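Report on one structure; see the data block that follows.
The values are calculated or read from the model by the stated rules, or taken from the named source; none is laboratory data. Since the structure is predicted, the reported quantities are computational estimates derived from the model, not experimental observations. When we count neighbours, we look across all protein chains shown, and the Cβ atoms used for this are built from the backbone with ideal geometry, even at glycine.
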Amino acid sequence: MKSEERSYRRSLKNAALGIAAILPMMLGIVGLVGVFRAFITREMLASLFTGHAVHDTLIGTLAGMIAVGQALVSYVLGGELLGQGVSLYAVAAFILAWVTLGVVQLPLEAEVFGIRFTLLRNLLAFLFTIVTAVASVWSAQWLM
Amino acid sequence: MADVTQKSPRRFRLRGVKFLGGVLALYAALFFWREAQTLTAMRFALEVLEEIVPILFVVVFLAGALHYWLDPKKLARHLGEDAGWHAWLIALGAGILSHGPMYAWYPMIEDLRRHGLRDGYITAFFYARAVKVPLLPMMIYYFGWPFTLFLSLYIVLAAWIQGVIVEMIERRSGRGFWSEDEE
C-alpha cells in the first residue's frame, strides 16, 4: 500500500513536471494571446471582408487563424458579420478556424510535437476548415 | 518502429525560456509605443492565465491518474499500433468533451504519445475539439439549427478523415514521418 501511494505520488509529480517544463513556453503563448486580443480588434477583423464569397471564405479562415479568445466571441462576431452582409461561407470558415487553427500556439505545438507533425496537422486543419465550412452551408441550405 | 511501450528516460528541461524572453521584450517595446493598449494586453493575458490554471490542475491530475492506472502496454494496444475503431471513438469523444484552450492539453497528450498514442488519434482529438457542446444553443441562436447540426457532424467527420490521412502518411514513410524532430 505504501509503495502504491509512493508510486501514485510519483505519477502526479511526473505529470506536474511535464507541465512545469513547458511553463515558460505556455506563459509566452498567454502573453501573445494578450497582445493579439488587445491589438487586433473586432473592427480590424471585420474590415477584411469584401462581400465576395470565395475571397471572404479564405479571408475568414485566415482571420480565424490569427484571432484569439473564447469560441463564444467568434459566434457573436460571426453573427455581427452576417448582419453586415458577409456570406455564411466566410462566417462558417471564420468561426471554425477560430477554434481549430491558432497562429499564436504554433511555437508551443511545434516544441511539444515536432515541426513536421505541427505543419501537417495545421495544413490539414486549414484545408478541412474550408471544406467543412462550405459543406455545412450547402447542406443547411439544401435542408431549408 | 521503436517499442512504444518502453518509456525513454526524460530529463527535466525548461522549454521556451528564450521565447518567453522574446515575448517580454515585445511587451517592453509595445509599452513605449502604446502604453494603454499594452496594459490592456497584460490584463487580457492575466485573464487567460486565470482561465487555464484550473484546467492545468485537471490535466496534472488526469495525467497522473493515467500514468498510475494505465499499463503502458495496454494503452499502446488500445490507442497505439493495433488499436481499432474504438480508439477513433475515444479520440473523437475526448476531443468533443475536452475543455479550455488546446495548448493546456499538450503536456498530457505528449505524455500519452510517449506511451504509444498514435499521431492520427492526436490529430482527430485536436480537430474534434471544435465541437463545443455547451455552446451549441448559442450557435443555434446565431446560425440556426440546420447549420449547427451539419457543422457539428462534418467537424467530427473531418477530424476522423484528417486522423486517417496522418496515419496513412506515417505508414507510407515507414520509419516514422516525425522521427527527425523527436527527441
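Within segment B:147-163, residues that are outside any helix (DSSP H, G or I) have Cβ atoms under 8 Å from residues that are at pLDDT 95 or above in no pair, counting only partners at least 6 apart in sequence or on another chain.
A quick yes/no check of all residues on (1) more than 19 Å from B:Tyr121 (Cβ to Cβ); (2) at pLDDT 85 or above:
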residue	(1), (2)
B:Phe19	yes, yes
B:Ala41	yes, yes
B:Ala45	yes, yes
B:Arg77	no, no
B:Ala83	no, no
B:Ala87	no, yes
B:Ile96	no, yes
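Of all the residues in segment A:103-112, those that are at the interface with another protein chain (Cβ under 7 Å from one of its Cβ atoms) and closer than 12 Å to A:Val68 by Cβ number 1. Out of curiosity, is A:Leu124 in contact (Cβ under 8 Å) with a residue 40 or more places away in the chain and hydrophobic (A, V, I, L, M, F, W, C)? Judged against the criteria, A:Leu124 is not a match.
Pick from B:Ala63, B:Ala28: which is in contact (Cβ under 8 Å) with a residue 12 or more places away in the chain, among the small types (Gly, Ala, Ser) and either part of a helix (DSSP H, G or I) or in the same structural domain as B:Tyr106 (by TED's automatic domain parsing) (or both)?
On the way: B:Ala28 fails: in contact (Cβ under 8 Å) with a residue 12 or more places away in the chain.
Of the residues listed, the single one that is in contact (Cβ under 8 Å) with a residue 12 or more places away in the chain, among the small types (Gly, Ala, Ser) and either part of a helix (DSSP H, G or I) or in the same structural domain as B:Tyr106 (by TED's automatic domain parsing) (or both) is B:Ala63.
Residues in segment A:46-62 that are part of a helix (DSSP H, G or I), crowded, with 19+ Cβ neighbours inside 10 Å and not charged (D, E, K, R): A:Thr57, A:Ile59, A:Gly60, A:Thr61. Residues in segment A:76-100 that are closer than 13 Å to A:Thr129 by Cβ and more than 10 Å from chain B (Cβ to nearest Cβ) were compared, and the one that is surrounded by the fewest Cβ atoms within 10 Å (Cβ to Cβ) is A:Tyr89.
I need the full set of residues from segment A:63-75 which are surrounded by 15 or more Cβ atoms within 10 Å (Cβ to Cβ), on the phi < 0 side of the Ramachandran plot and free of Cβ contacts under 8 Å to residues at least 60 places away in the same chain, in order please.
Taking segment A:63-75 and keeping what is surrounded by 15 or more Cβ atoms within 10 Å (Cβ to Cβ), we get A:63-71, A:73-75.
Remaining after also requiring on the phi < 0 side of the Ramachandran plot: A:63-68, A:70-71, A:73-75.
Listed by number, the residues that qualify are A:Ala63, A:Ile66, A:Ala67, A:Val68, A:Gln70, A:Ala71, A:Val73, A:Ser74, A:Tyr75.
Looking at A:Thr41, A:Thr118, just one residue is surrounded by fewer than 17 Cβ atoms within 10 Å (Cβ to Cβ), of a type in the set (Ser, Thr, Tyr) and on the phi < 0 side of the Ramachandran plot, and that residue is A:Thr41. Within segment B:127-148, the residues that satisfy the criterion of being at the interface with chain A (Cβ under 8 Å from one of its Cβ atoms) and hydrophobic (A, V, I, L, M, F, W, C) are B:Ala130, B:Leu135, B:Met138, B:Met139, B:Phe143, B:Phe147.
In a residue-by-residue description of segment A:17-36, the property of being within 26 Å of the chain's Cα centre (by Cα), within 13 Å of chain B (Cβ to nearest Cβ), part of a loop (DSSP other than H, G, I, E, B) and of a type outside the set (Ser, Thr, Tyr) applies to at least one position.
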